[in-house]
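Q: Below you will find the structure I want to go over with you.
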Amino acid sequence: MSALNIKKGSTSHSAYDLRDPNAEIIESHTLAVLVDNEAGVLARVIGLFSGRGYNIDSLTVAEVDHKGHRSRITVVTRGTPAVIEQIKAQLGRLVPVHDVHDLTVEGASVERELALFKVAGTGDKRIEALRLAEIFRANVVDSTLESFVFEITGTPEKIDAFADLMRPLGLVDVARTGVAALSRGI
Amino acid sequence: MSRAMTGARMVVQALKDQGVDVVFGYPGGAVLPIYDELFQQNDIRHILVRHEQGAVHMAEGYARSTGKPGVVLVTSGPGATNAVTGMVDALMDSIPLVVLSGQVPTFMIGTDGFQEADTVGITRPCTKHNWLVKDTDKLAEVIHQAFHVATSGRPGPVLVDIPKDVQFATGQYKAPREARTDHYQPRVKGDLKAITALVELMEQAERPVLYTGGGVINSGPAASQLLREIADATGFPVTSTLMGLGAYPASGKGWIGMLGMHGLYEANLAMHGCDLMINIGARFDDRITGRLADFSPHSKKAHIDIDPSSINKVIHVDIGIVGDVAHVLEDLLNVWKARGRKVNKPGLANWWGQIEQWKLKKCLTYKNSATIIKPQYALERLEALTKGRKRYVTTEVGQHQMWAAQFLQFDDPNRWMTSGGLGTMGYGLPASIGVQIAHPDALVINVAGEASWLMNMQEMGTAVQFRAPVKQFILNNERLGMVRQWQQLLHGERYSQSWSESLPDFVKLAEAFGCKGIKCSDPKDLDDAILEMLAYDGPVIFDCLVEKHENCFPMIPSGKPHNEMLLGDAATEGAIRADGAVLV
């Protein structure tokens, strides 16, 4: 394994699950959980995380199949490989859960987040904010003479980067949706 | 077949269609329509309890001793919250229960109405699944699904919360076969490749051990039968958790006793020293494993469990097989036979030689007394005087529970009901009533400690009312014995709040309840007193005054590995120091 020079604990670019389940490496995983959209299902999932001491970095949920009343919960979580496996198993045994996909290990996936940024300012700062927004392909969805609201879509890292740039330029407020993710290909 | 009827009638009809013959419950405002329907029929018997916690433990006793789900009916608010402890108990020990609770009318939910509680919110982590039914048309289907979920896969408690207006309204009834249950179908067949890999290990193992648990009993009689076949055909030693006692007979030749914190010396050392551990329906509980880092360091481990989340939860195993115990054992036996019934005979002979050596330690030895009843002696006499009878035993929680597990012998599954995972004091008395209701002609004994017993003693009223001749065998040491033991061994003998002050006179208490009380304090009188208890046709409270400072051994102190076990004759002072431990 070492001859192949594959970083221990990393599988996102490998077809094999080479992780040592006992390794004390904290990994971030994006899980897609398909559930029946019944009363209390979100509380059930969140309660499982808090009750068993797991982390939630980001959580998004919406009904994706209105006819079949199915919702998709995308949750970004952190833990050792053993904890991640346990989270998946615990989610999988909830009665309204149909499927749990670990997008981090099941091949390539795309992750996107939408955010709204309110930036207030005048003069050069205002021009600089608008210029950076263009570079980041952010849209202006509201403007007054003293402020803009930018809409930006991208990976969480891109949104973090945009936030860092806007902060000295008069960042007032941020709203983020959390991550939505799908696997690539079919 | 769908028929129009009220929600309340639907509840009763659904229970009948599910084959329910008895419901344990307590009425109240929010379930009055259901009680009205129960009043007008004779197929379902209702056992009126004295406290809702008692109802749930009775249903657990009923379920554990019959293999059928136990059914509980309680009102909203305090009725439901009182049932919470029992539901968590059933969740931890995988006991199938269907709890029906009343709720304030749908239009009042969220207004802090009288006896309103967020029952589905409170019980969400206390149940396998729960439902709030807001539409009478869906009520019957939900109840059928509730039975399906409670009994499929890893069994557990479920709750259906039914608002009062849903009980009054009329809707369409659905029969069980019309209810959708396909969304929850846990896998029962194990992976054949993994099973074959396990057989390969079994063929070569020099020091194998079968580590069995409550899953064998939950899987049904076929699983116990298959376990016996496999153990006897291979000659592998069998140990069991507290929850699994009786799945393999204590009289069987492969039996090496219970394992764990108060397990037998030979069983724990076999676990520590084995080279192949086959976990069948157990879950590597912390009372079993001791210190994880030193748990069975030289073994390959296989784990058969119907719950995928049990596998690799605390102990990493080499072979994980997700499936129902009976299905997996059947395949395992077939593959092993087809491959020529091979075992490592010389290895096994050496292994048994070693186990016999460990047995010579006679770890359950205690110093008997001619003047004071030792709790171990009381249980030995109880065992001797009830052997061969159709006997069911329940327990409370504490020292007496561990002694009962050590000194009573179980040759059949479903005969031993105890609160293992949650360790609920107050479990045994109501559980014994539930068992007796299910088996009216059997001998049902609750081995109790006086402190635990007092926690649900109001249920003696239920036992008397429903003529359940349960025998309450109370080992009375006027102490919270297990707490006292830990304080002695681990907290510098500072006995903080661990004695029972102002105890009632149990004989007078029995008379007050309208049953029989027996008191015994002299070992010479014990046999006659036990026989008197057994001969009495009705409930008995047996106050057995025992040695007050007896400790339960062997003991693996918390956080110690299996091979650092304290034995009865070991120095009890400074137990957590290595010099107080028996190192092997």
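We did not get these values from a lab; they are worked out from the coordinates using the rules stated. All values derive from a computational prediction rather than experimental measurement. Positions of Cβ are generated from backbone atoms using ideal geometry, with glycine treated the same way; all protein chains shown enter the neighbour counts.
Q: How large is ³J(HN,Hα), in whole Hz, for each residue of segment B:551-564 in order, when computed from phi with the Karplus curve 6.51 cos²θ - 1.76 cosθ + 1.60 and θ = phi - 60°, using x for Gly and Pro?
A: Once rounded to whole Hz, the list reads 9, 9, 10, x, 9, 9, x, 3, x, 9, x, 4, 8, 10.
Q: Taking each pair of distinct Cα atoms in segment B:257-305 once, what is the resulting Kirkwood hydrodynamic radius in Å?
A: 10.9 Å
Q: Rounded, prolate or oblate: pick one for segment A:65-107, where a ≥ b ≥ c are the square roots of the eigenvalues of its C-alpha gyration tensor, a/c under 1.5 means rounded, and failing that, prolate if a/b is larger than b/c, else oblate.
A: prolate
Q: Counting partner chain Cβ atoms within 10 Å of every residue's Cβ in A:83-93, what's the average?
A: So the per-residue partner count for this stretch is 4.
Q: What is chain B's relative contact order, in percent, from Cα pairs under 8 angstrom and six or more apart in sequence?
A: For chain B, the relative contact order is 14 percent.
Q: How big is chain A in terms of Cα radius of gyration and Dmax, in angstroms?
A: When restricted to Cα atoms, chain A yields Rg and Dmax of 19.7, 61 Å.
Q: Work from the charge dipole of segment B:148-242 (Cβ charges, +1 for Lys and Arg, -1 for Asp and Glu, about the Cα centre) and give the residue of B:N218, B:A194, B:T234 farthest towards its positive end.
A: Working it through, the farthest residue towards the positive pole turns out to be B:N218.
Q: So if I average 1/r over every pair of distinct C-alpha atoms in segment A:26-85 and take the inverse, what Kirkwood radius in Å does that give?
A: With all distinct Cα pairs of segment A:26-85 included, I get 12.1 Å.
Q: Which of the peptides B:353-362, A:152-161 is most tightly packed, and how do the rest follow, going by the mean number of other Cβ atoms within 10 Å of each residue?
A: A:152-161, B:353-362
Q: Kirkwood hydrodynamic radius, segment B:441-574, all distinct C-alpha pairs: what's the number in Å?
A: When all Cα pairs of segment B:441-574 are included, the Kirkwood radius is 16.5 Å.
Q: What's the average, rounded to a whole number, of partner chain beta-carbon atoms within 10 Å of each residue's beta-carbon in A:41-47?
A: Other-chain Cβ atoms within 10 Å of each residue's Cβ, averaged: 2.
Q: Just to check I understand the Karplus step: with θ = phi - 60° and J = 6.51 cos²θ - 1.76 cosθ + 1.60, what whole-Hz values come out for segment B:129-139, glycine and proline as x?
A: Once rounded to whole Hz, the list reads 7, 8, 9, 10, 9, 9, 9, 4, 4, 9, 4.
Q: Also, quick follow-up: Is there a quick way to get the dipole size of chain B? I mean about its Cα centre, with the Cβ of Lys and Arg at +1 and of Asp and Glu at -1; what is the value in debye to the nearest 20?
A: For chain B, the charge dipole is close to 1080 debye.
Q: Please give, to one decimal in nm, the separation of the simple spin-label points placed at B:I109 and A:I186, each 7 Å out from Cα toward the Cβ.
A: Going by the 7 Å Cα→Cβ label model, 4.2 nm.
Q: Which value, in Å³ per residue, describes the convex hull spanned by the Cα atoms of segment B:285-411?
A: So the per-residue hull volume is 202 Å³.
Q: While we're looking at this one, here's another question. Segment B:319-339 to segment A:90-128: how many Å between their Cα centroids?
A: 44 Å
Q: Let me check the size of segment B:45-175 from its C-alpha atoms; what are the radius of gyration and Dmax in Å?
A: That works out to 13.9, 41 Å for Rg and Dmax.
Q: Using θ = phi - 60° and the Karplus form 6.51 cos²θ - 1.76 cosθ + 1.60, what ³J(HN,Hα) does each residue of segment A:154-171 get, whole Hz, x for Gly and Pro?
A: Rounded to whole hertz, the list is x, 6, x, 5, 5, 5, 4, 5, 5, 4, 4, 6, 6, 3, x, 9, x, 5.
Q: When Cβ neighbours within 10 Å are restricted to other protein chains, what is their mean count per residue of peptide B:305-311?
A: 4
Q: Now for a different question. Which value, in debye to the nearest 20, describes the size of the charge dipole of segment B:358-454 about its Cα centre when Lys and Arg Cβ atoms bear +1, Asp and Glu Cβ atoms bear -1, and nothing else is charged?
A: Charge dipole of segment B:358-454: 460 debye, to the nearest 20.
Q: Just subtract the alpha-carbon distance of A:H66 and A:R52 from 0.36 nm times their residue separation and send over the number in nm, one decimal.
A: The span from A:H66 to A:R52 would gain 1.9 nm if fully extended.
Q: Provide the packing ranking of B:309-319, B:40-50, B:391-401, i.e. peptides ordered by the mean count of other C-beta atoms within 10 Å per residue, highest first.
A: Result, highest mean first: B:391-401, B:309-319, B:40-50.
Q: I need the calculated FRET efficiency for the pair B:A338 and A:S143, taking r as the beta carbon distance and R₀ as 51 Å, to the nearest 0.05.
A: 0.10
Q: Let me ask something else about it. Relative contact order, percent, of chain A when contacts are C-alpha pairs under 8 Å separated by at least 6 residues?
A: 24 percent.
Q: Rg(Cα) of the protein assembly as shown divided by 2.2 N^0.38 Å?
A: 1.07
Q: If you split all Cα-Cα distances of chain B into 20 Å bins from zero, what percentages do you get per bin, shortest first?
A: The calculated distribution, bin by bin, is 21, 51, 27, 2.
Q: Using Cα-Cα distances under 8 Å and only pairs 6 or more residues apart, what relative contact order does segment B:298-431 have, in percent?
A: Once normalised by length, the contact order is 15 percent.
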